[in-house]
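*Asks:* Pasting in a structure now, in structure tokens, and then I'll have a few things to ask.
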Amino acid sequence: VRVSDTLEIASFVLLGDVELTVLAAEEMKKILSDVDVLITPEAKGIPLVHELARLLEMPRYIVARKSIKPYMSFPMVTEVTSITTQKKQILCLDSEECDFIKDKRVAIIDDVISTGDSLRAMEHLVKKAGGKCVARAAILAEGDAANRKDIQFLAELPLFPVKPSR
């Protein structure tokens, strides 16, 4: 999928793929330890974090929403630009979710980590809510993210530079 004039990325769609979600969660469970709460940005990581929470016997997980919802009485908001959307978005948590995260060991879970912008935004939310980010994990690390030492992932996903046409 072309995301700019100079870059194409592999399309990885977890949504709707039950078998892949279950298998990925089983493998991710093996690389996570000592976490109290799982959090993911809306939306592609939701089935993964749901299955992972089930496997870890956690009664709840947190989803950072991409818009402020009417039920959010005092939302905490941060901005992010994702490689897949190419525009500014917000990620937000409700005050109840912030209270739940406070003083807990939090694992940020996503389908793919690429530029790290979404990850940084998620870390900002976790810290602002009073949680401690103890793990950053994804199914795939894309491009340079595969060289990072602060994340855990199951496999690498290459980037595809577009050669200029003459």
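The values are calculated or read from the model by the stated rules, or taken from the named source; none is laboratory data. Computed from a predicted structure; not experimentally measured. All Cβ positions, glycine included, derive from the backbone under ideal geometry; neighbour counts span all protein chains shown. Just so you know, the surface numbers come from the protein's heavy atoms only, side chains and all, with ligands and any DNA or RNA stripped out. Shrake-Rupley method; radii C 1.70, N 1.55, O 1.52, S 1.80 Å.
*Asks:* Could you please let me know if residue 20 is without any contact (Cβ under 8 Å) to a residue 12 or more places away in the chain and open to solvent by 30 Å² or more (accessible area, probe 1.4 Å)?
*Replies:* Yes: the conditions hold for residue 20.
*Asks:* Related question: Kindly indicate whether residue 44 is touching a Pro at 6+ places or on another chain (Cβ under 8 Å), under 24 Å from residue 116 (Cβ atoms) and open to solvent by 40 Å² or more (accessible area, probe 1.4 Å).
*Replies:* no
*Asks:* Spot the failing condition for residue 72; the list is (1) farther than 22 Å from residue 142 by Cβ; (2) touching a residue at least 24 places away in the same chain (Cβ under 8 Å), and only one is missed.
*Replies:* If we test residue 72 against (1) farther than 22 Å from residue 142 by Cβ; (2) touching a residue at least 24 places away in the same chain (Cβ under 8 Å), just (2) comes out false.
*Asks:* With the stretch 116-166 as the region, which strands (runs of 3 or more DSSP E) entirely inside it contain at least 1 residues that are at pLDDT 95 or above and out of contact with any Asp or Glu (no Cβ under 6 Å at 6 or more places or on another chain)?
*Replies:* Filter on the stretch 116-166 gives 132-142, 152-157.
Here is a yes/no grid of residues against (1) at negative phi; (2) over 16 Å from the mean Cα position of the chain (by Cα); (3) touching a residue at least 24 places away in the same chain (Cβ under 8 Å); (4) open to solvent by 20 Å² or more (accessible area, probe 1.4 Å):
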site: 98; (1), (2), (3), (4): yes, yes, yes, no
site: 113; (1), (2), (3), (4): yes, no, yes, no
site: 122; (1), (2), (3), (4): yes, no, yes, no
site: 127; (1), (2), (3), (4): yes, no, no, yes
site: 153; (1), (2), (3), (4): yes, no, yes, yes
site: 160; (1), (2), (3), (4): yes, yes, yes, yes
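*Asks:* For the stretch 1-16, give me the residue count where each residue is out of contact with any Lys or Arg (no Cβ under 8 Å at 6 or more places or on another chain), closer than 15 Å to residue 139 by Cα and surrounded by 13 or more Cβ atoms within 10 Å (Cβ to Cβ).
*Replies:* Going through the stretch 1-16 one residue at a time, the tally reaches 1.
*Asks:* For the stretch 1-110, please list each of the strands (runs of 3 or more DSSP E) lying entirely inside it that holds at least 2 residues being in contact with a Ser or Thr (Cβ under 8 Å, 6 or more places away or on another chain) and modelled with pLDDT of 90 or more.
*Replies:* Because the criterion is at least 2 residues that are in contact with a Ser or Thr (Cβ under 8 Å, 6 or more places away or on another chain) and modelled with pLDDT of 90 or more, the strands (runs of 3 or more DSSP E) in the stretch 1-110 that meet it are 62-64, 88-93.
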